[in-house]
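Just below is one structure, and these are the notes that go with it.
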Amino acid sequence: MHDKTLTEISQALAAGTISSRELTQDLLGRIDRHDKTINSFITVTADQALSAADAADQARANGQAGPLTGVPLALKDIFCTKDVRTSCGSRMLDNFVAPYDASVVEKLKAAGSVSLGKTNMDEFAMGSSNESSFYGAVKNPWDLNAVPGGSSGGSAAAIAAGFVPAALGTDTGGSIRQPAAFCGITGLKPTYGRVSRYGMIAYASSLDQGGPMARSAEDCAHLLNAIAGHDVRDSTSVARGVPDYTEELTAPLSGLKIGLPREYFGDGLDSGVRQAIDEAIKVYESLGASVREVSLPHTQYAIPAYYVIAPAEASSNLSRYDGVRFGHRCDNPLDLIDLYKRSRAEGFGEEVKRRILIGTHTLSEGFFDAYYKKAQQVRRLIRQDFLDAFEEVDVLMGPAAPTPAFDLGAQKDPVSMYLQDIYTIAVNLAGIPGISVPAGFSGQRPVGLQILGTHFAETRLLNVAHQFQQATDWHTKRPAMTEENR
Amino acid sequence: MEWETVIGLEVHVQLATRSKIFSGSSTAFGAEPNTQANAVDLGLPGVLPVLNEQAVAMALKFGLGIHADIPEVSVFDRKNYFYADLPKGYQTSQMYHPIVGAGEVEILLDDGTSKIIRVHHAHLEEDAGKSLHEDFHGMTGIDLNRAGTPLLEIVSEPDMRSAKEAAAYLKAIHSIVTYLGISDGNMAEGSMRCDVNVSVRPKGQEAFGTRAEIKNVNSFRFVERAIAYEVERQVELIEDGGKVVQETRLYDPEADETRSMRTKEEANDYRYFPCPDLLPVVLDCAYVDHLRESLPELPAEKRARFQDELGLSAYDAGVLSASREMAEYFEQVKDLCGDAKQAANWVQGELSGALNRDGLDISDSPVSAEQLGGLIKRVIDSTINGKAAKQVFQALWNGEGDSADQIIETKGLKQVTDTGAIEAMVDQVISESPAQVAQYRDAEPDKRGKMIGYFVGQVMKASRGTANPQQVNGLLKEKLDALC
């Protein structure tokens with residue numbers, strides 16, 4: 001069962017061909033055997049998982065089962081979980097146990113799902129390779145020399161490795177879509193405000209959004225059904241009804257207008273990636289869609305704007321990690337200032353410190369207008385680019401990342417790492433939804449096709465992605481390591 | 001050289017909401033440390049603020065009460081700095097788009113005149129916790145009960161020219177917020193604190209001098225004293241050839257002096273930016289109108305009405321409208337007895353004297369407004385005379401009866417107006433005082449008026465104070481003059 005989709009597992013559980021306990025035990029066994037190599041989990045909660053599985057089996061026996069009842073999954077270690085450590089990939093929170101569940105964790109529990117544990121991630125979600133984690137890098141199950149992408153690299157790798165059929169990730173500048181692309185899975189970043197951020201540790205509050213990662217668009221639809229919706233505890237979550245995201249999956253695509261942003265097919269795009277995307281577009285044409293080129297003229301400003309806004313918010317969001325109330329505290333502080341300096345110097349890693357410094361600088365007196373204000377103006381232009389494009393077309397398509405997964409340690413300087421997110425970052429600045437679906441390979445490494453829609457167009461995105469997955473089998477490909485039990 | 005003082009105040013008013021500005025924790029004062037701090041107040045990872053609508057309504061009431069501009073949109077910003085009792089490492093405040101725009105506060109001066117002090121704006125923010133430096137053996141205790149308590153910071157223009165004006169302004173703010181019921185105004189518990197900006201300039205000069213900010217002054221008296229000290233310090237400094245530096249100072253009430261805390265160069269760069277966890281507050285006209293209609297009558301309006309409609313003096317109107325409790329008490333007494341001037345005299349005379357003597361607030365008065373109103377009514381309808389009325393008041397104060405009527409009854413203080421009975425007493429006094437009658441007869445007619453007092457006193461004594469003094473006076477005059 002370990003390579004089945006969430007939808008298939010849900011059906012098997014409903015049919016009684018397997019119990020949640022059997023499945024959970026099987027997957028825990030796989031994690032135990034193989035995650036030493038992959039390092040996709042920071043914390044495995046075997047005992048809690050087994051009791052949740054038993055409870056789910058019991059609920060099913062009582063006739064109270066929904067689509068997620070008994071379904072195993074994993075949570076990025078950025079979602080607070082009551083009584084289970086939430087580290088955010090940082091030494092700073094290595095000892096932190098939240099006294100509450102994040103809203104989405106509550107919802108997934110209420111839906112009867114079974115969490116197997118907390119997945120690895122770039123420290124405080126800052127990174128595109130999962131190499132900034134305090135708990136070590138994660139390896140890409142398709143190639144152990146390659147990164148899984150980041151920051152939700154643990155969630156993506158755990159799905160690709162056959163440890164869980166689905167997981168939650170978060171996406172601030174591409175952190176769901178890029179690792180989904182690198183690991184050959186499907187990942188959806190919902191519209192900003194669609195999913196509650198309560199209990200999701202903040203990196204950049206105006207950009208952060210939690211979302212599903214799984215083996216198909218249909219899987220993502222089931223998960224989104226469970227986690228979407230307004231939350232009174234998150235003022236930025238949108239009070240808007242939640243449709244059944246599975247309902248329109250099979251709607252025909254004839255007449256669908258696809259826009260290809262010129263700026264997403266420029267220099268620096270890997271030829272293998274380009275080829276895979278071109279092939280995918282042809283599939284859509286064969287399904288009755290029309291394709292035209294569009295322009296998002298401010299694309300080149302997205303990365304600079306993002307690297308002003310996100311670090312600015314981060315520098316403030318991460319001020320609470322001061323060694324006073326929770327988290328890492330240095331030994332024998334001499335006074336308050338020494339406590340701050342050493343606790344933070346010891347608790348945070350390189351990339352986190354870099355972004356705190358950048359953010360502190362851009363917000364400081366005399367620089368605020370030139371950086372932060374200007375970046376916010378750029379942000380409005382970028383958003384307008386998308387809104388203008390969606391006047392002409394239904395969805396935009398392009399690569400999720402300029403290259404397939406790169407080698408561990410390959411990106412030596414921070415700026416080349418930042419450029420990894422060139423196709424994903426503008427989406428967060430605009431607040432629109434985006435999904436990455438497997439669309440072939442460049443060499444031996446997976447390629448992700450990114451599909452973008454206007455605000456709250458998740459139903460459409462899932463439909464467009466699902467129809468592609470009905471016409472292709474890229475999403476059914478599994479890395480060799482998952483063949484071991486056959 | 002003659003110097004002019006320029007003062008501006010930043011008043012922090014703790015709003016009387018049931019729960020905190022961004023969390024559901026209680027705001028009650030005096031609980032065990034850290035028992036009123038939830039995950040949001042502690043700034044735990046992943047938590048988010050949710051704006052308390054009651055705090056918004058209270059801030060708006062203040063704005064409407066000072067006839068301020070109410071912007072349609074206001075925005076919360078983060079003020080970033082590290083301190084042990086500031087859990088998130090930033091204070092959520094409003095820097096660029098405050099909830100209340102420019103307004104005006106009228107202050108009353110000792111000479112009976114009034115002056116308008118302009119308010120630059122007022123903004124909402126959260127309070128920090130408290131650091132406790134004692135009892136922890138070289139360590140510091142942190143109490144976060146207060147963290148997240150809503151504050152309204154009211155920033156004045158530099159319109160005050162003396163310590164007295166500053167104190168009067170602070171009193172006016174105190175009076176407005178307590179009238180509105182948006183704060184308990186309890187300065188001892190820190191519900192109102194202020195930062196005072198003080199500078200001096202040669203009289204006649206237009207440009208402001210360099211100012212010092214005195215932080216966290218928490219009583220009307222300390223405001224006056226801190227300013228007095230600071231003005232003297234600055235004038236001396238300049239006259240000795242020195243320069244005032246822009247800095248933050250602390251007032252030490254025990255030493256009665258201000259001390260430098262940090263200079264401008266050492267000041268924090270707060271790196272304000274809009275809080276991304278909170279949406280801008282967008283006000284609906286109907287909502288603001290509804291709040292405007294719900295406003296009670298405020299001190300300035302009440303003062304004007306007391307003068308114009310009730311015919312009270314400016315002084316009386318000012319005193320009686322100074323606090324909501326005082327004004328409510330007075331109006332209740334006035335309504336019951338039907339005579340505003342009598343009510344004003346009693347409240348400011350007998351009642352205030354007794355309250356001051358026993359150090360009580362009007363809200364703790366042993367004599368209720370109903371009781372006092374009932375008492376004055378009996379004076380007006382001549383049931384008792386003024387002397388008996390004072391006795392009745394004292395009895396009510398001592399709790400000797402439930403109402404003036406009851407005390408009048410049990411003590412037999414009802415005024416005697418029966419002419420026959422009074423005449424009998426008058427006749428008796430005249431017949432028992434031949435020497436005084438002779439003196440009266442021998443006196444010049446214009447001196448006799450004074451001499452009649454003796455006879456009045458005797459008759460009142462004989463009646464145990466219950467005889468109607470006017471009647472006694474008239475009868476005595478008639479009878480004594482007949483003897484001349």
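The values are calculated or read from the model by the stated rules, or taken from the named source; none is laboratory data. Note that the structure is a prediction, hence the values are computed from the model and not measured. Cβ: placed from backbone, ideal geometry, glycine included. Neighbour counts: every protein chain shown.
Do any helices (runs of 4 or more DSSP H) entirely within the range B:345-410 hold 3 or more residues that are surrounded by fewer than 18 Cβ atoms within 10 Å (Cβ to Cβ), and if so, which?
Once the helices (runs of 4 or more DSSP H) in the range B:345-410 are filtered for at least 3 residues that are surrounded by fewer than 18 Cβ atoms within 10 Å (Cβ to Cβ), what remains is B:352-358, B:386-397.
Taking the stated definitions as given, is B:Asp277 among the charged types (D, E, K, R), in a loop (DSSP other than H, G, I, E, B) and surrounded by fewer than 18 Cβ atoms within 10 Å (Cβ to Cβ)?
Taking the combined requirement at face value, the residue does not satisfy it.
For the condition of a type outside the set (Phe, Trp, Tyr) and under 26 Å from B:Thr383 (Cβ atoms), what is the one hit in B:Ala300, B:Ala343, B:Ala327, B:Ala317?
That would be B:Ala343, the only listed residue that is of a type outside the set (Phe, Trp, Tyr) and under 26 Å from B:Thr383 (Cβ atoms).
B:Leu132 - would you say it is more than 12 Å from the chain's Cα centre (by Cα), modelled with pLDDT of 95 or more, over 19 Å from B:Ala57 (Cα atoms) and within 14 Å of chain A (Cβ to nearest Cβ)?
No; evaluated as a whole, the condition is false for this residue.
Please return the ranges of helices (runs of 4 or more DSSP H) entirely within the range A:295-392 where 3 or more residues are within 21 Å of B:Leu278 (Cα to Cα) and polar (S, T, N, Q).
Counting at least 3 such residues, we get A:302-317.
For the range B:33-47, check the following and say yes or no: at least one residue is farther than 30 Å from A:Leu93 by Cα, without any contact (Cβ under 8 Å) to a residue 60 or more places away in the chain, surrounded by fewer than 20 Cβ atoms within 10 Å (Cβ to Cβ) and not acidic (Asp, Glu).
no
Of the residues that sit in the range A:260-276 and are outside any loop (DSSP other than H, G, I, E, B) and touching a helix residue (DSSP H, G or I) at 6+ places or on another chain (Cβ under 8 Å), which one is farthest from A:Tyr418 (Cα to Cα)?
Only one residue fits best here, namely A:Leu260.
Scan the range B:65-84 for residues that are crowded, with 21+ Cβ neighbours inside 10 Å and either closer than 24 Å to B:Glu106 by Cα or not assigned by TED's automatic domain parsing to the domain that holds B:His120 (or both) and jot them down.
B:Gly65, B:Ile66, B:Ala68
So in the range B:235-264, with the set limited to residues that are of a type in the set (S, T, N, Q) and part of a strand (DSSP E or B), which one is modelled with the lowest pLDDT?
In this case the residue turns out to be B:Thr263.
Kindly provide the set of residues from the range B:373-391 that are touching a Pro at 6+ places or on another chain (Cβ under 7 Å) and closer than 22 Å to B:Ala327 by Cα, ordered by number.
none
From the list B:Ile21, B:Ile70, which one is part of a loop (DSSP other than H, G, I, E, B), more than 12 Å from chain A (Cβ to nearest Cβ) and closer than 22 Å to A:Tyr198 by Cα?
Among B:Ile21, B:Ile70, only B:Ile21 is part of a loop (DSSP other than H, G, I, E, B), more than 12 Å from chain A (Cβ to nearest Cβ) and closer than 22 Å to A:Tyr198 by Cα.
May I ask you to say which residue of A:Gln469, A:Gln411, A:Gln376 is surrounded by fewer than 20 Cβ atoms within 10 Å (Cβ to Cβ), touching a Ser or Thr at 6+ places or on another chain (Cβ under 7 Å) and either modelled with pLDDT of 95 or more or more than 26 Å from A:Asp278 (Cα to Cα) (or both)?
Result of the check over A:Gln469, A:Gln411, A:Gln376: A:Gln411.
Give just the number: which of (1) over 24 Å from A:Gln420 (Cβ atoms); (2) more than 10 Å from chain B (Cβ to nearest Cβ); (3) more than 25 Å from the chain's Cα centre (by Cα) does A:Ile337 not satisfy?
Checking A:Ile337 against (1) over 24 Å from A:Gln420 (Cβ atoms); (2) more than 10 Å from chain B (Cβ to nearest Cβ); (3) more than 25 Å from the chain's Cα centre (by Cα), the one that fails is (2).
Please enumerate the residues belonging to the range B:280-317 that are surrounded by 18 or more Cβ atoms within 10 Å (Cβ to Cβ), within 16 Å of the chain's Cα centre (by Cα) and assigned to a helix (DSSP H, G or I).
Result: B:Pro299, B:Ala300, B:Lys302, B:Arg303, B:Asp316, B:Ala317.
Which one is surrounded by the most Cβ atoms within 10 Å (Cβ to Cβ) among residues in the range B:321-330 that are touching a Leu at 6+ places or on another chain (Cβ under 7 Å) and closer than 16 Å to B:Ile176 by Cβ?
Here the answer is B:Ala327.
Any residue in the range A:164-179 that's closer than 24 Å to A:Pro402 by Cα: show its pairings with residues that are crowded, with 24+ Cβ neighbours inside 10 Å and among the acidic types (Asp, Glu) at Cβ separation under 8 Å, as long as the two are six or more apart or on different chains.
A:Thr170/A:Asp208; A:Asp171/A:Asp208; A:Thr172/A:Asp208; A:Gly173/A:Asp421; A:Gly174/A:Asp421; A:Ser175/A:Asp122; A:Arg177/A:Asp171; A:Gln178/A:Asp421
Might you check whether a residue that is among the hydrophobic types (A, V, I, L, M, F, W, C), surrounded by 19 or more Cβ atoms within 10 Å (Cβ to Cβ) and closer than 21 Å to A:Thr172 by Cβ occurs anywhere in the range A:343-355?
Looking through the range A:343-355, at least one residue is among the hydrophobic types (A, V, I, L, M, F, W, C), surrounded by 19 or more Cβ atoms within 10 Å (Cβ to Cβ) and closer than 21 Å to A:Thr172 by Cβ.
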